[in-house]
1. Taking the chain, how many lysine pairs are there with alpha carbons less than 16 Å apart, if each pair must be eight or more places apart or span two chains?
2. Can you give the local net charge around Q24? Use residues other than it whose beta-carbon is closer than 10 angstrom to its beta-carbon, Lys and Arg +1, Asp and Glu -1.
3. Using a simple charge model, +1 on the beta-carbon of Lys and Arg, -1 on the beta-carbon of Asp and Glu, nothing else, what dipole does the chain show about its Cα centre, in debye to the nearest 20?
4. What range in the chain is the longest one free of trypsin sites (Lys or Arg not before Pro) that are in a loop by DSSP and have at most 15 other Cβ atoms within 10 angstrom?
5. Roughly speaking, what is the stretch gain from T34 to E13, that is 0.36 nm per residue apart minus the C-alpha to C-alpha distance, in nm to one decimal?
6. If you project the alpha carbons of the chain onto their three principal axes, what span does each projection cover, largest first, in Å?
7. Report the FRET efficiency, 1/(1 + (r/R0)^6), for K6 and S47, where r is their Cβ-Cβ distance and R0 is 22 Å, rounded to 0.05.
8. With an 8 Å Cα cut-off and a minimum separation of 6 or more residues, compute the relative contact order for the chain in percent.
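Read the figures in this text as sums done on the coordinates, not as results from a lab. Note that this is a predicted model, so its numbers are computed, not measured. All Cβ positions, glycine included, derive from the backbone under ideal geometry; neighbour counts span all protein chains shown.
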Amino acid sequence: MDIKIKFWLKIKELRKIKKISQEQFAFKSKLHRTYISDIERWIKNISLENIEKIALALEINLSDLFNNL
């Protein structure tokens, strides 16, 4: 499986574990809801700045997003 797809799936999995809707996640990460949706549907690539925002919104360490990919 492509590393990008693994990463995108990990974000979706962590969001669901935290029981956060895409809308709540977008608000917490200060990213647009459609951008979050596009990430989870493997449409968008993510910048390092947005990866950091996602980690902060999930309340995890940045490195946790990359563990076990």
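1. Count of close lysine pairs: 18.
2. Result for the local shell: +4.
3. Roughly 220 debye for the chain.
4. Between the exposed loop sites, the longest stretch runs 42-69.
5. Going from the current span to full extension adds 5.8 nm.
6. Its Cα atoms span 29, 24, 22 Å along the three principal axes.
7. Calculated transfer efficiency: 0.80.
8. Worked out over the chain, it gives 37 percent.
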